[in-house]
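Written below as structure tokens is the structure these notes are about.
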2 protein chains.
Amino acid sequence: MKNWDDLRIFRAMAKARSIRAAAADLRTTHATVSRRIRALEEDLGSALFERRNEGHVLTAFGQSMMDLTEGVSVGVEAIDRLAFGQDGSLAGPVRLSVLEDLYHQVLSGPLDSFMRAHPMIELSIETTPNLRDVSRREADVIVRITSNPPEQAVGRKVADSPLALYSSPHYLNQRPAIDRWIALDYPPTIPPLLNARPVFLAGSLTVVADVLRRGQGIGLLPCFMGQGDPNLVRLPEVDLIPDKEIWTLTHVDILQNPRVRLLMDHLYRAFSDQRHRIEGRFE
Amino acid sequence: MKNWDDLRIFRAMAKARSIRAAAADLRTTHATVSRRIRALEEDLGSALFERRNEGHVLTAFGQSMMDLTEGVSVGVEAIDRLAFGQDGSLAGPVRLSVLEDLYHQVLSGPLDSFMRAHPMIELSIETTPNLRDVSRREADVIVRITSNPPEQAVGRKVADSPLALYSSPHYLNQRPAIDRWIALDYPPTIPPLLNARPVFLAGSLTVVADVLRRGQGIGLLPCFMGQGDPNLVRLPEVDLIPDKEIWTLTHVDILQNPRVRLLMDHLYRAFSDQRHRIEGRFE
DNA sequence: TTTTCATGGATCATATTCTAACCAGTTTGG
DNA sequence: CCAAACTGGTTAGAATATGATCCATGAAAA
């Protein structure tokens, strides 16, 4: 193999299934990706992709290649973790992945103060709806709501995240006989124990909370979203519903990195400070 | 990791322990190796080598890196084999590794005719005293004298390689009461069953054979070296001494390659043609 | 249908990387 | 002891890879 780096381009290409998309992932241009893939095919002596109208699709040989590069990729990721863990400098990058709602309701303040306290740490925050995998180094630290934290990850459960029923104070004052039920479209919510009918299926919890604040009905929210909100009250007749847990996680290999440690500690403290509210234990 | 190809340079450097030696292995210049290593250290954020007067030596971090790159390297080698095996073309390279003595005594003719018969096959022959590993793709096909062929290798035992006692006809005519013993310096040869004293410890079998041809004494040679040589005769009072075996080997992954098949078949035939002589069964 | 959008190929100026050459300092061998 | 053959560093100029741009094509969207 003339140039091992071509494997990196190849993997991006195989995943993105289009030269331009791969180029975007690799932060380069489609001209470069096209050239490098061609060079790799030349070097290996066989075609890796079939150029079809609907996109580039792996040949059988390309598929075998993809399987084999998996091991190479895992190896490179381990190297990245080793290097990152080895890096003892306080100055440098750390990447954090947080659920968007959790960022808004719990972490926006603490992360702001973290960045002010450590200006030499280049903290980049990614808010996503989906899991980022610390072992693949898609993120260095992740804050995640889950019931079973992934293997190879180390960290702490920082709080329980129970659900509760909320509505606006105004709605509660003139509550109808049959409650108006505001819920997530997906995943499908458990049907209410109350006398209620669905009137709004929202795409995200942010929307659910917004609709509730406007007095449109009652609905389930994690306590970290409902508790302490002046425009929301918890319905007293229903208990807390145990749900998932909140974990702050990283990878063993990079736990030694001082930036990671600082961030983890800061997150632990932030959750500790707000734990009562998050777990719905007072208002 | 910004550039996976730097791992290739790093491994060469770690093995060669000098920038210039690594550059020679990589067929590039020491300036390039120096710059790439520096770039890699920059990227990883830690030093990989300690620059000392007696050469570059791995740091502890560099050593961990080396351990991890081993897996990456194995993966890349598997990819190389896959590509080579996939290549169905009759035109292209094949690399053969043979023991030098075996080349001279058995294979020089057949390999010459092979290259004439298949001019589009770029056969490169490496004659070495040491084992080349087919799984590391240091060679595509190896002809080796061994008693236990390595794992993962496929191929055939093409002949036994017994030893016998030889001297020149002239020496035999005026043989002294105490024989003059010509032997390898290393590995230490078994002491002769005869009445003999060591007079020459040679560095290679070629030298042993040459000294014997000049009538300097008697000595052990593999039959493929002694048998059929007009200037050597086998001492009749000693039987053949069973020793190692000759194997023609390649790797499963590249057995499909037509150039490899052609070469293997040609080698099988060459050994088959000369098997009687190699095994000392006539003269 | 027409319009819009995204795709991949091709081209060329630009940036980057590599090579060749020379340097000074060390070790090795005669 | 000196000479030769190493070592790695540095530089200018050559070779190479890259990125911006334009283009034709084909697939969705209006």
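For the modelled label position 7 Å from the Cα of B:Val74 along Cα-to-Cβ, which residues of the range A:71-111 have backbone nitrogen atoms closer than 16 Å? Only A:71-79 fall inside the zone, counting backbone N under 16 Å. Compactness of the range B:75-121, taken as the C-alpha radius of gyration over 2.2 N^0.38 Å, stands at 1.45. Pull out a ≥ b ≥ c, the square roots of the eigenvalues of the alpha-carbon gyration tensor of the range A:20-99, then state rounded if a/c is under 1.5, prolate if not and a/b is larger than b/c, and oblate in the remaining case. Cα axes put the range A:20-99 in the prolate bin.
By the count of other C-beta atoms within 10 Å, a proxy for reagent exposure, B:Met66, A:Met120, B:Met225 are ordered fewest to most as A:Met120, B:Met66, B:Met225. Counted by Cβ distance under 12 Å from A:Ser113, the other residues give a net charge of 0, where Lys and Arg count +1 and Asp and Glu count -1. Overall, the anisotropy analysis places the protein assembly as shown in the prolate class: the square-rooted eigenvalues a ≥ b ≥ c of its C-alpha gyration tensor yield a/c not less than 1.5, with a/b exceeding b/c. Please figure out what share of the DSSP beta bridges in chain B is antiparallel and state it in percent, rounded to the nearest 5. Given both bridge residues lie in chain B, the antiparallel proportion sits at roughly 55 percent. Over the protein assembly as shown, dividing the summed -39,500 (n - 2.57) contributions of all DSSP H runs of at least 4 residues by the number of residues returns a 222 nm mean residue ellipticity of -12500 deg cm²/dmol. Rounded to the nearest Hz, the phi-derived 3J(HN,Hα) couplings of the range A:225-240 under the Karplus curve 6.51 cos²θ - 1.76 cosθ + 1.60 (θ = phi - 60°) are 9, x, 5, x, 7, x, 8, 10, 10, 8, 6, x, 6, 10, 6, 4, where x marks glycine and proline. For the range B:90-283, just say rounded, prolate or oblate: build the C-alpha gyration tensor, square-root its eigenvalues into a ≥ b ≥ c, call rounded for a/c under 1.5, and beyond that prolate if a/b exceeds b/c, oblate if not. The shape class here is prolate. In loop segments of the range A:1-109 as defined by DSSP, the GluC sites (Glu not before Pro) with at most 12 further C-beta atoms inside 10 Å of their C-beta are A:Glu54. Given the protein assembly as shown, what percent of its DSSP beta bridges are antiparallel, to the nearest 5? Percentage antiparallel, nearest 5: 55.
Taken together, the values in this text are just the output of simple stated rules run on the coordinates, not laboratory data. Every value quoted in this text rests on a predicted model; they were computed, and no experiment measured them. FYI the Cβ positions are ideal-geometry reconstructions off the backbone, even for glycines, and counts take in every protein chain you see.
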